[in-house]
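The values are calculated or read from the model by the stated rules, or taken from the named source; none is laboratory data. Just so it is clear, the model here is predicted, and its values are computed rather than measured. All Cβ positions, even for glycine, are placed from backbone atoms using ideal geometry, and neighbour counts span all protein chains on display.
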Amino acid sequence: MNFINKTSILLFSILAFLVSANFAAAQSADKDCFEVKYFDFFGLSAEDKIHWSDAELNELLKMNRSQDENETSFLIPPIVFQLKGFHPNCTKPIDAERFDKLISLYLKVRHKDVSSLENKTLAEKLIFIREDYYNQLQDERLLPHMRYTMDDGPLYGEIPKSIPESKLSESISTDFGKLSIVTANNQIFLTATDKKNKTIWSRIMKGANPDRKLKNLNFDESPVEKTSLSIIIHFYSEGERLNLYLKLDGKFMYYYHSW
């Protein structure tokens, strides 16, 4: 089997795990011997067991370094998830060869040179990785690509010049206030308001084709999923799943629409 096929199969198996993990309800951040937060946003919990074999790591390390970072950023959370267990507070002795391969893979996905970790102790390397991981989570350009999905996106809709007066279709209460769906002029307006009924944001909802506006939008039966990093609101639109990602204060981030 050639390299491309082997790597494709390996990536598919990783994606299959991440897709199943993203459907799991991981409700709290992991606090243990070396705390790394926000894994619940990626559908991972402390009970999950991820252990890529030596052969799998070798195949992943053969990936083309010039590949677009966005295409492989979904590997970052499971790499960090595995690395955190190597902290001296967690285990002794460690598998040094496996640790080095995970570090190398992380740096390769991040397009960083190994010199950034020179002369650092094992614990210092992990602290560096953790801080770099946290920095990525604050990058709104990169974050959407770190949570694997096969849906279309990230999508941002269109900011309306005004919100027309029309009958409210649906609304739900949230920690930050309220999220409302209004249908007017053959368009779907989605609006977030705070607890004082002040508008936080509003969008005309569109599909993957920027010229096509969505025809309908409905909340899922259990629409609100709160993670340590964001609030995810689940909808259905035109018979397909649509997931909206908001900051914890209700500010708009992006959404994905299944195809």
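Observations on the structure shown:
- Any chance Ile204 is out of contact with any Leu (no Cβ under 9 Å at 6 or more places or on another chain) and of a type in the set (Val, Ile, Thr): no
- Verdict on Ala21 being closer than 22 Å to Tyr245 by Cβ, assigned by TED's automatic domain parsing to the domain that holds Leu126, at pLDDT below 70 and surrounded by 13 or more Cβ atoms within 10 Å (Cβ to Cβ): yes
- No other residue among Leu217, Leu179 is surrounded by 13 or more Cβ atoms within 10 Å (Cβ to Cβ), under 25 Å from Phe42 (Cβ atoms) and of a type outside the set (Gly, Ala, Ser) apart from Leu179.
- A residue that is out of contact with any Gly (no Cβ under 9 Å at 6 or more places or on another chain) and at pLDDT below 65 cannot be found anywhere in the range 38-58.
- Within the range 239-259, the set of residues being loosely packed, with under 15 Cβ neighbours inside 10 Å and either more than 18 Å from the chain's Cα centre (by Cα) or of a type outside the set (D, E, K, R) (or both) comprises Gly239, Glu240, Leu248, Trp259.
- Which numbered condition Pro93 fails, given (1) of a type outside the set (Ser, Thr, Tyr); (2) in a loop (DSSP other than H, G, I, E, B); (3) within 21 Å of the chain's Cα centre (by Cα): (3)
- Put simply, of Lys167, Lys125, Lys178 the only residue that is over 17 Å from the mean Cα position of the chain (by Cα) and in the same structural domain as Val80 (by TED's automatic domain parsing) is Lys125.
- Subset tally (residues that are buried (at least 18 other Cβ atoms within 10 Å of the Cβ) and either in contact with a helix residue (DSSP H, G or I) (Cβ under 9 Å, 6 or more places away or on another chain) or under 19 Å from Lys226 (Cβ atoms) (or both)) for the range 182-196: 3
- Count of residues meeting criterion [more than 21 Å from the chain's Cα centre (by Cα) and at pLDDT below 95] in the range 203-215: 6
- Selection of the range 225-253 for residues being in a strand (DSSP E or B) and either in the same structural domain as Phe39 (by TED's automatic domain parsing) or small (Gly, Ala, Ser) (or both) yields only Ser237.
- Residue match in the range 197-214 (condition: surrounded by 14 or more Cβ atoms within 10 Å (Cβ to Cβ), more than 20 Å from Arg141 (Cβ to Cβ) and among the polar types (S, T, N, Q)): yes
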